[in-house]
1. May I ask you to list the residues in segment 51-62 that are surrounded by 13 or more Cβ atoms within 10 Å (Cβ to Cβ) and of a type outside the set (A, V, I, L, M)?
2. Hey, among the residues in segment 63-86 that are charged (D, E, K, R) and either exposed (fewer than 13 other Cβ atoms within 10 Å of the Cβ) or assigned to a helix (DSSP H, G or I) (or both), which one's nearest to the chain's Cα centre (by Cα)?
3. List, please: which pairs have Cβ atoms under 6 Å, are six or more places apart or on different chains, and start with a residue in segment 42-64 that is farther than 15 Å from residue 74 by Cα and touching a residue at least 24 places away in the same chain (Cβ under 8 Å) and end with one that is β-branched (Val, Ile, Thr) and assigned to a loop (DSSP other than H, G, I, E, B)?
Amino acid sequence: MELQSAVTQALYSQLLEEAMAYGVLIFENGVVGSPYTNTARGKRYVYWQIKLPDGRFKRKSIGVEIEVTTALISSLLERKKTAEDATAGNDACFRG
């Protein structure tokens with residue numbers, strides 16, 4: 001396994017800590033998955049979902065869609081993009 005840059009390691013550490021606090025599933029290469037909403041009993045519920053290798057989806061409930069859960073999803077998406085950008089930058093360095 002390649003050693004990641006200090007920035008990538010710090011981002012992953014922060015993301016892991018936040019995700020563990022909320023029970024969100026993440027993987028080694030950064031955050032995998034996307035938000036998913038479902039309406040039931042007149043309320044919108046937010047989930048984080050990943051696509052498994054066999055094509056099925058696995059979802060983890062974040063909670064009722066309110067300001068706090070919307071902010072968490074925004075934060076996760078922002079960190080996902082940052083991690084992807086950092087990984088892409090590392091890949092370019094190793095190719096060059």
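All of the numbers you see were taken from the coordinates with simple rules; none came from a lab. These figures come from a predicted structure and were not determined experimentally. No Cβ is skipped: glycine too gets one built from the backbone with ideal geometry, and neighbour counts run over all protein chains shown.
1. 59, 60, 61
2. Step by step, filter segment 63-86, then rank; the result is 80.
3. 50/32; 60/24
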